[in-house]
Amino acid sequence: MKDDNFGEWYSEVVVNGEMIEYHDISGCYILRPWAMSIWEVMQTFFDAEIKKMKIKNCYFSLFVSSGVLQKEKDHIEGFAPEVAWMTKAGDSDLEMPIAIRPTSETVMYPYFSERIRELGDLPLRLNQWCNVVRWEFSNPTPFIRSREFLWQEGHTAFATKEEADTEVLDILELYRRIYEEFLAVPVIKGKKSEHEKFAGGLYTTTVEAFVSNTGRGVQGATSHCLGQNFAEMFQINFETEEGEESMVWQNSWAYTTRTIGVMIMVHGDDKGLVMPPKVASVQVIVIPVPYKDANSQGIFDACAATVKSLEEAGIRAEADYRDNYSPGWKYSQWELKGVLLRIEIGPKDLANNQVRAVQRDNSAKIDIPMADLTERVKEMLNNIQQNMFDVAKEKRDACIQVVHTWEQFVEALAQKKMILAPWCDEEKDVKARTKGDMGAAKSLCSPFQQPELPEGTKCFASGKPAKKWTYWGRRY
Ligand SMILES: O=C(C[C@H]1NCCC[C@H]1O)Cn1cnc2c(c1=O)CCCC2
Ligand SMILES: [Mg+2]
């Protein structure tokens, strides 16, 4: 059950909901069609949006030469244990080991250096949809932490910092939309602390989600301004109009298949997955309820006609005609897969030229005349999507706890809260002071929406003058 053994509940739901199959290499998973179709819906949205921004897709090599990987030391340091290396081909050793990309800065930036010469070459804005490998050792979790995952990584270069700063926030807004408009998951936009940011960058912005059942925050997606750090390392310069050499200002940004895991954790229940209609590959499942002892062809025809008119209205509908399963079995199977709207057509419905619609999230049952079908179903799906977001936001907001002192902080942490506290922005040992078997608390982000910070407010951890409100919590 989700409330008493979250980890067990999650690993059962992702398998029984037909999203994941295990692979014989630990930390690696099979993404089954039921999961892949969610990825594709998000990809279709995001890809269209970045195309509007004149960002172009490309594809760089999976393989990173070792020389270039060491180039940006503070980019790599602290990550090195996660880098996977290829050392052999067949039974012959490679001269030099080759790394499998954990991210593509060092693969792409030598090309950036070649390609960018003058102002006219800017802005250079590339994106790639690919897989990356990070050989993590801490507890692997389908979608949330796997050794290989799918993502998009955007890498852009500008002549000015202002252009980079603007794009960082434009992309972060797209990530917010992916979570809030598609996955119905509320997120908080903010900035990572100096300690939590991407070491190779200038600053990191993030959308932070929160799993109320476990009281853990989860980084939803990141949009970094890299400043000129990589331009310096990789000599990415251009000649300004005044004829002087200037380094470019760069960003990099990504969201990953972790998005799917967050959606499952936030919305799933004890009946299984709960799929927001916007990302569900089947939004309506039509189930025939055949006559016991009469010909049911009329019912099957009505199901086919229903699917057809829903599809013509742009609704992703399917009928389950399997005759070796009972309607009841089908109801629970499709609830397990998280389909939010079921349409039953039995003898009575046929006689009255209506269908029975059953909502999964609140078990509401309504009879809909055939004539009003597509309009009413469209309306129900929109209401379900909105309702899922509202319920998730209420649950997340109920987990937010404002604290002012260390005692209140420790208490809130024990209650699995997402803690909002005034912070001096220097304090270093909250992590050390909260180490425990549940994992330490870390800063999640400093929200762009800062509450009032009265003069003289003290930092909850150090007692020094507080500079900003910051969210804290345990996290994935
Ligand atoms: O990947 C990034 C930064 C950046 N990479 C591109 C997309 C956006 C953003 O994720 C940070 N990072 C995380 N993890 C690792 C590395 C790393 O650079 C490099 C080595 C292995 C593990
Ligand atoms: Mg990592």
ask   = Looking only at region 167-192, which residues are within 14 Å of Phe448 (Cβ to Cβ) and in contact with a Cys (Cβ under 9 Å, 6 or more places away or on another chain)?
value = Val168, Ile188, Lys189, Gly190, Lys191, Lys192
key: Positions within region 248-293 being touching a strand residue (DSSP E or B) at 6+ places or on another chain (Cβ under 8 Å), open to solvent by 10 Å² or more (accessible area, probe 1.4 Å), more than 15 Å from Val358 (Cβ to Cβ) and away from ligand 1 (no atom under 16 Å from the Cβ), in sequence order   = Val266
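Taking Arg125, is it within 27 Å of Glu162 (Cα to Cα), out of contact with any helix residue (DSSP H, G or I) (no Cβ under 7 Å at 6 or more places or on another chain), more than 15 Å from ligand 1 (Cβ to nearest atom) and open to solvent by 30 Å² or more (accessible area, probe 1.4 Å)?
On the way: within 27 Å of Glu162 (Cα to Cα): yes; out of contact with any helix residue (DSSP H, G or I) (no Cβ under 7 Å at 6 or more places or on another chain): yes; more than 15 Å from ligand 1 (Cβ to nearest atom): no; open to solvent by 30 Å² or more (accessible area, probe 1.4 Å): yes.
It is false that Arg125 is within 27 Å of Glu162 (Cα to Cα), out of contact with any helix residue (DSSP H, G or I) (no Cβ under 7 Å at 6 or more places or on another chain), more than 15 Å from ligand 1 (Cβ to nearest atom) and open to solvent by 30 Å² or more (accessible area, probe 1.4 Å).
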note = Counted residues in region 418-476 being touching a strand residue (DSSP E or B) at 6+ places or on another chain (Cβ under 9 Å) and either closer than 16 Å to Lys191 by Cα or part of a strand (DSSP E or B) (or both) come to 29
inquiry  = Just to check your reading of the model, which residue among Ser113, Ser92 is modelled with pLDDT of 95 or more, touching a helix residue (DSSP H, G or I) at 6+ places or on another chain (Cβ under 6 Å) and more than 15 Å from ligand 1 (Cβ to nearest atom)?
reply    = Ser113
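Out of Glu148, Glu167, Glu153, report the one residue that is within 16 Å of ligand 2 (Cβ to nearest atom), more than 18 Å from Tyr476 (Cβ to Cβ) and buried (at least 17 other Cβ atoms within 10 Å of the Cβ).
Selected residue: Glu153, the only one of Glu148, Glu167, Glu153 that is within 16 Å of ligand 2 (Cβ to nearest atom), more than 18 Å from Tyr476 (Cβ to Cβ) and buried (at least 17 other Cβ atoms within 10 Å of the Cβ).
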inquiry  = I'm trying to understand the selection: among the residues of region 131-145, which are away from ligand 1 (no atom under 11 Å from the Cβ), modelled with pLDDT of 95 or more and either of a type in the set (A, V, I, L, M, F, W, C) or surrounded by fewer than 14 Cβ atoms within 10 Å (Cβ to Cβ) (or both)?
reply    = Asn131, Phe143, Ile144
request  = Residue by residue through region 179-200, note down the ones that are within 20 Å of Asn251 (Cα to Cα) and surrounded by 24 or more Cβ atoms within 10 Å (Cβ to Cβ).
outcome  = Gly190
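Report yes if Lys292 is assigned to a helix (DSSP H, G or I) and either on the phi < 0 side of the Ramachandran plot or modelled with pLDDT under 95 (or both), otherwise no.
So Lys292 does not fit the description; no.
The values are calculated or read from the model by the stated rules, or taken from the named source; none is laboratory data. Predicted model only: the values in this text are computed from it and were never measured. Quick reminder, even Gly has a Cβ in these numbers, built from the backbone with ideal geometry, and neighbours come from all protein chains shown. Ligands, DNA and RNA are stripped out before the accessible areas are found, and what is left, the full protein with its side chains, is counted by its heavy atoms. Shrake-Rupley method; radii C 1.70, N 1.55, O 1.52, S 1.80 Å.
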